[in-house]
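The values are calculated or read from the model by the stated rules, or taken from the named source; none is laboratory data. Quick caveat: nothing in here was measured; it's all calculated off a predicted structure. Note that we place each Cβ from the backbone using ideal geometry, even for glycine, and neighbour counts take in every protein chain shown.
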Amino acid sequence: MKLIQPLLLLALIVIFISYFRWFRSAVFDKILMAIIFCGGILFVILPDFTTKISSSLGVGRGADLLFYIAIISFSYLIMLLYSKIRRLENQIAELVRDQAIAGAKDFSVKKNEDDGK
């Protein structure tokens with residue numbers, strides 16, 4: 001097993017755990033995005049650095065390492081977007097439920113007033 005394999009598995013496990021545990025933290029998201037951004041700047045300024053890192057991790061080329069990092073980053077982004085969509089769906093469902101209950105109360109009050117006449 002190459003060194004990169006357990007690291008990639010660890011990254012995927014962290015994404016999985018963060019979805020269930022820390023995902024609602026905007027601070028965690030901002031810190032992670034800052035790390036990814038700084039890493040991207042480093043890799044652009046020092047392209048040979050990615051080759052050195054990749055060879056020490058057992059990956060053939062720096063481009064392959066960047067591809068693996070991109071897969072992990074996109075997986076995290078997908079989980080982040082999915083979480084936000086689910087949160088919005090729950091908020092919409094709650095609003096619709098509240099509106100339906102309020103409408104039903106108004107209807108029953110109106111009906112009782114009409115029956116009393």
> Quick one: what pairs do we get from the stretch 55-80, first residue closer than 21 Å to V14 by Cα, second assigned to a helix (DSSP H, G or I) and of a type in the set (D, E, K, R), C-beta under 7 Å, 6+ apart or different chains?
Replying inline: L80/D29
> What do you reckon, is V96 in a loop (DSSP other than H, G, I, E, B), of a type in the set (V, I, T), on the phi < 0 side of the Ramachandran plot and at pLDDT 85 or above?
Replying inline: no
> Which residue pairs have Cβ atoms under 6 Å apart, sit 6 or more places apart or on different chains, and have a first residue in the stretch 18-36 that is over 25 Å from T50 (Cβ atoms) and a second that is polar (S, T, N, Q) and modelled with pLDDT of 70 or more?
Replying inline: F23/S83
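Each row is one residue, and each column tells you yes or no for (1) surrounded by fewer than 12 Cβ atoms within 10 Å (Cβ to Cβ); (2) of a type in the set (S, T, Y); (3) under 17 Å from the mean Cα position of the chain (by Cα).
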site	(1), (2), (3)
L9	yes, no, no
A26	yes, no, yes
D48	yes, no, no
G58	no, no, no
S75	no, yes, yes
Y82	no, yes, yes
E89	yes, no, yes
I92	yes, no, no
F107	yes, no, no
> Inside the stretch 54-91, can you point out the residues that are over 16 Å from F16 (Cβ atoms) and of a type in the set (F, W, Y)?
Replying inline: F67, Y68
